[in-house]
1. Could you check Ser77 against (1) open to solvent by 60 Å² or more (accessible area, probe 1.4 Å); (2) under 22 Å from the mean Cα position of the chain (by Cα); (3) under 24 Å from Glu303 (Cα atoms) and say which number it fails?
2. Can you list residue pairs whose Cβ atoms sit under 7 Å apart, with the first residue in segment 119-141 being aromatic (Phe, Trp, Tyr) and the second being open to solvent by 30 Å² or more (accessible area, probe 1.4 Å) and not in a loop (DSSP other than H, G, I, E, B)? Count only pairs 6 or more apart in sequence or on different chains.
3. Step by step: first the residues of segment 112-125, then only those that are out of contact with any Pro (no Cβ under 9 Å at 6 or more places or on another chain) and buried (at least 20 other Cβ atoms within 10 Å of the Cβ), then the one that is farthest from Val170 (Cα to Cα). Which residue is that?
4. Within segment 183-203, is there a residue that is crowded, with 17+ Cβ neighbours inside 10 Å, of a type in the set (S, T, N, Q), within 26 Å of Tyr92 (Cα to Cα) and within 21 Å of the chain's Cα centre (by Cα)?
5. Consider segment 271-289. How many of its residues are more than 16 Å from Gly231 (Cα to Cα), open to solvent by 50 Å² or more (accessible area, probe 1.4 Å) and of a type in the set (A, V, I, L, M)?
6. Please list, ordered by first then second residue, the pairs with beta carbon atoms under 9 Å, 6 or more apart or interchain, first in segment 177-204 and on the phi < 0 side of the Ramachandran plot, second open to solvent by 60 Å² or more (accessible area, probe 1.4 Å) and small (Gly, Ala, Ser).
7. Scan Ser248, Ser237, Ser309 and give me the residue that is assigned to a strand (DSSP E or B) and open to solvent by 10 Å² or more (accessible area, probe 1.4 Å).
8. What residue, of Thr27, Thr105, is polar (S, T, N, Q), loosely packed, with under 14 Cβ neighbours inside 10 Å and assigned to a strand (DSSP E or B)?
Amino acid sequence: MSPLLPLRDPFEDYNIKRFYNCVCAQTISTSGRFLFAGNRAGDIFVQNITNFQNSEELRPSLKIYPQGEECEINCLSFHREFLIVGSIGVVYGLKWVEDKAELATGRAWEIKIPIDVEAIEVPDVNFMWLRPETDFLYVGCGDNIIYELNLEDGRISRSFKGHEDYIHGVCGSGADRLYSASEDGTIRMWVTNQKDSTGLIEPYKKDTLARPEMGKWQGALATNDDWLLCGGGPKLSLWHLRSMECTSDFPFPGKVHVCDFVEDMVFVGGEHTNAQFYAMNGKLRADIKTENTAVYSAVWKTEPERFMSIAGYSNWLSILNDFRFLDSKIELYESKNNNNDNTTTSTIKCENMMGE
């Protein structure tokens, strides 16, 4: 008897994933030796980045760990010996064996996001932020709520409600400060032992920041002890946390999906092929053409050597060693006719950028 549905061609599926690859999440292991990236097709990529600045050294193979077609990987974090994955309605942990450079195929634990009885769909886990040196993970979700997860016992220990649309970003500072960015156009401030938000920023209402044609939503944020960085539809802007005054804005031309404080600079990426570094006063420091039509993720470290990986809508990771130029790139799905193994060898090309 012939099947009711035509059989799928695995090679065609592979090529579709290769052509439409969209990497939304990255993280680096606690040791700083391994880079993890996850895409919307449900695959996790693992690359050894030890001594990555040495262009003459043979690179270890890139490994791919499929999580299933229904497991869209929205965000990644790393804690102790676990890679933490945020997907649709769930946060789960995969055991990482450092000395063997292997990621477990089965979930070591999982925490499901509550579903409201009136909800018509399972909420996405859009963003995760791990408070350093603790077991508390904060997740921003598609149900407009931020959840505090206790990774020690697997409980949802607290929820933060106040946003009127889904959460794009979460970050924090100190022992109890938390900040969130939402589709509703606001940045909310929280103290983790209080139920309600303690402050609110609405950048879209500021004439110097508003870009009505791009919307009011806030897509990314970052903080340190004194400053808050945020952007989305409105321009990327810098806010002083004590005075709550906007002190600088940055002329990044696209919608903002990722931003961070990197050394003494501000990094930004989004709906643009280029990622940019700025001085805190808004002066452009580096304009870096990436392999992406849009940038959705960036991770970086400074010890024992500088390293940054920029990812987004592309089959390549763009690698920076000095935060000024595109130094090399990693191909995630390589071109091939047959792919029966979960381990593939990455193609790494070095490409120097002209100018700063």
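1. Every condition holds for Ser77 apart from (1).
2. Note: pairs meeting the criteria are Phe127/His168; Tyr138/Trp129.
3. Top of the filtered list is Asp124.
4. No, segment 183-203 contains no residue that is crowded, with 17+ Cβ neighbours inside 10 Å, of a type in the set (S, T, N, Q), within 26 Å of Tyr92 (Cα to Cα) and within 21 Å of the chain's Cα centre (by Cα).
5. Selection size over segment 271-289: 1.
6. Short answer, once both residue conditions are applied: Thr192/Ala175.
7. Ser248
8. After ruling out the rest, the residue left standing is Thr105.
The values are calculated or read from the model by the stated rules, or taken from the named source; none is laboratory data. Treat the numbers as computed from the prediction; the structure is a model and nothing was measured. Neighbour counts are summed over all protein chains in view; Cβ atoms, including those assigned to glycine, are modelled from backbone coordinates with ideal geometry. Please note that ligands, DNA and RNA were not included when accessible areas were found on the heavy atoms of the full protein model with its side chains. Shrake-Rupley method; radii C 1.70, N 1.55, O 1.52, S 1.80 Å.
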